[in-house]
Each structure stands twice: as C-alpha cells, then as structure tokens.
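Only the coordinates and a few stated rules stand behind these numbers; no lab work does. These numbers were taken from a predicted model, which means no experiment stands behind them. Positions of Cβ are backbone-derived with ideal geometry, glycine not excepted, and every protein chain shown enters the neighbour counts.
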Amino acid sequence: MLIITGTIAYDYIMDFPGSFSDHILPDQIHKINLSFIVNKFARRRGGTAGNVSYSLGLLKTPHTLFTYAGKDFEDYGKTFTKLGVSLHGVSIDKKNYTSTGFAMADKSNNQIWGYFYGASDNIPNLKLKKVAGRKDLILIGPAGAYGSMSFVKQCVKLGIDYMFDPGFILTQVTDEDLTIGVTNSKFIIGNDYEISLIKNRVKNWKKNFSSKVVITTLGEKGAVIEEKGKIYRIKPIKVQKAVDPTGAGDAWRSGFLAGVERRFSLETCGQMGSVAASFAVEKYGSQEHFYSIDEFKNRYRKTYKSLIDL
C-alpha cells in the first residue's frame, strides 16, 4: 500500500504575463522590493499530498492519504470522496485553517511561492505505525523540515521503505538531516536543480546515491531515472497547449507511484509519470485535470508505442 504524506492546501495561483528576470537588478538583490500585476487569479485545491492523492484517485490506485487539514477542509474533502479516495487518514485541526499557498508564475513558467502552514504544523505529531507496515511504501512529501524528518526517522525505526522528496524543504533542512533522509531512502526524487543541490550538500553523495533509485524530473524535457548505474531516459509527452505547470511534478509522482504499486518496471513507471503530468499541465491549477483510465492508456500508447494494463 502507498502512504502519501505532505500537505493539503488551498492554492492561490496567479500569472504574471512578463518575465521576473526583467525586473530583478543583479546588483540590488540584497534589497528587492517588487510588485507584479497579474492577469490571472484562481483559488484551487493543492498541497503536495493532496495533489498526488488526487491523481492516484484518477488512476484507481489504492493508497492512504496521511496528513492534517484545517477547519475549512469540507469542500476539499467532497471531491476526494467522489473519487473514491479514503479520508480516514486525514486528521482535522478544528481551530486552524488548512495550509495556504500563494504562487505566481511568469511567462517562462518560473515560479515564486509564499506558504502558510496552518494545520500542517501538526504533521510532526502523526504516527506512521497507525497506518503503515513493512510492506508499504511511504511518499515523504514536503511538510516542513521538522514534519518531513519526523517521517524519515519513523520509517527508519519501523523499517519501512520511503521515497524522499525534499525539494521544498531544502532551504530549511540541515545537511546532516538531508544526509539521513537520502542515506535511508529507497527512492530520491527532485527536479534537476534540486538534485544538484542535494548532491552538493550530502557528504559522499556518490556512495549514498549508488544504491538508490534517483529520479530527476526535467519538466518539458521529460525525466531521468538512475538505478545502480543504469539510466532510463523518459520521453516527455507532447501536449497541445501547456496552460499551467503548477502541480505537474506532483502528478508525475502519482503516475510513477501508481506504476510502482502495480510492480511495473522503472521505465514504465517513469512513462506513467510523464503521462500523468501531461494531463496536469493542460489545465489551470494542480487538481483541475481529469481523465479516464482509457484516456490515460491511449495517451500512453500514442507516445510510447506500447500497451499498458491498468
């Protein structure tokens, strides 16, 4: 069984029609004071755990969503109930609001985020032993350095495999804790910039990475999966129009994990990730896409020229 951790959040998504780089003076970075006028705005369901869980629901993949939400979770939860996603692992903080993210993307898909943790501050109090066993796989999604490392240490103690996804906590986590997270993981995932940062900060990273499955997502260029010296280059999916990159990485993770749960090859898992991400970028928001199993299989077949049994 997959156990999905991380945050549930409401995202406020904004589009800036220009380029951030046109308004940032390199010699004045120490005192940035900028305002951007946006031409699109929307409130959407989000959060890394919520996004992954949503797409796993589309792929009819059994899993446990294990996280905290706030007193305003009811509307969010209704959508997941309709998808058949169990919410028994979601705890509710009745005094606080669900985490809230504020994202702004420019025309080159560069993003700036602001984030309020809210109910997610309770995540470090969650106990994996209540929902997970040795045969499960835990996705340790971003939940603040303290929350993510709490799950890492619990997995190590309980002997449970996990996928380590530290991208959003790299500015918070210490080198020591980052090394612990990498050393004990089964899978490591991040974009090319994040993986480079991890390699620069983890001591003896070649030794620590050698026994892991290292997944580097490359946006519109696809992904690379490395395992014990073997490299799988995952071809990206061509989409008619890329509308919004927000949530594409989480959708990729869901496709990959859905393949892992079905015991598919790493290459097939990566290709499933690419297909899932392609649906996400075609809609504005991280949970606005929808597809049937047949639509997913058809898109997979058209790109990879093979059939997949879901």
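Using a Förster distance of 35 Å, how high is the FRET efficiency between residue 32 and residue 74, based on the Cβ-Cβ distance and rounded to 0.05?
E(calc), rounded to 0.05, equals 0.35.
Net charge within 12 Å of residue 6 by Cβ-Cβ distance, Lys/Arg positive one each and Asp/Glu negative one each, not counting residue 6 itself?
Result for the local shell: -1.
Sort largest first and round to whole Å: the equivalent ellipsoid semi-axes of segment 254-310, each the square root of five times a Cα gyration tensor eigenvalue.
19, 13, 9
Using only DSSP helix segments of four residues or longer, with each worth -39500 (n - 2.57), what per-residue ellipticity at 222 nm results for the chain after dividing by its residue count and rounding to 500?
-10000 deg cm²/dmol
Can you pull the semi-axes for segment 178-251, root of five times each eigenvalue of the Cα gyration tensor, sorted largest first, whole Å?
Over the Cα atoms of segment 178-251, the semi-axes work out to 26, 14, 9 Å.
How do 163, 272 line up, fewest other C-beta atoms within 10 Å first?
Ordered by Cβ neighbours within 10 Å, fewest first: 163, 272.
Can you give the net charge of the other residues whose Cβ lies under 11 Å from the Cβ of residue 287, counting K and R as +1 and D and E as -1?
That works out to 0.
Hey, if you put +1 on the Cβ of every Lys and Arg and -1 on every Asp and Glu Cβ in the chain, which of 170, 266, 85 ends up farthest toward the positive end of that dipole?
Of 170, 266, 85, it is 266.
If you take the Cα Rg of segment 123-215 and divide it by 2.2 N^0.38 Å, with N the number of residues, what do you get?
Taking N as the residue count of segment 123-215, the ratio is 1.00.
Using Cβ counts within 10 Å as a stand-in for footprinting exposure, how do 38, 260, 243 rank, fewest first?
Sorted ascending by nearby Cβ count, the order is 38, 243, 260.
Looking at segment 216-282 from every direction and averaging, what is the projected area of its Cα convex hull in nm²?
Computed as one quarter of the Cα hull surface, the answer is 4.1 nm².
Give or take rounding to whole Å, what are the principal axis extents of the alpha carbon atoms in the chain, in descending order?
49, 45, 45
When 1/r is averaged over all different Cα pairs and the result inverted, which Kirkwood radius in Å belongs to segment 27-157?
Kirkwood hydrodynamic radius for segment 27-157: 16.7 Å.
If you build a Gaussian network model of the chain, linking Cα atoms that sit under 10 Å apart, which residue out of 262, 45, 253 swings the most?
Answer for the Gaussian network model of the chain: 262.
With Kirkwood's inverse mean 1/r over C-alpha pairs for Rh, give me the Rg to Rh ratio of segment 129-169, two decimals please.
Taking Rg over the Kirkwood Rh, I get 0.95.
Once you compute Rg and the Kirkwood Rh from C-alpha atoms, what is the Rg to Rh ratio for segment 151-307?
Using only Cα positions, Rg/Rh for segment 151-307 is 0.98.
Kindly put 113, 252, 205 in sequence by how many other C-beta atoms sit within 10 Å of each C-beta, fewest to most.
Neighbour counts put them in this order, fewest first: 113, 205, 252.
Between segment 198-225 and segment 1-65, how many Å separate their Cα centres?
About 23 Å separates the Cα centre of segment 198-225 from the one of segment 1-65.
Report the Cα-based extents of segment 5-92 along its three principal axes, largest first, to the nearest Å.
Each principal axis gives a Cα extent; for segment 5-92 these are 51, 24, 24 Å.
Principal axis extents for segment 60-126, Cα atoms only, whole Å, descending order, please.
39, 31, 21
Over the Cα atoms of segment 26-76, how large are the radius of gyration and the largest Cα-Cα distance (Dmax), in Å?
Calculated on Cα positions, Rg and Dmax stand at 18.0, 51 Å.
Please report the projected area of segment 74-233's Cα convex hull averaged over all directions, in nm².
The orientation-averaged projected area of the Cα hull of segment 74-233 comes to 11.3 nm².
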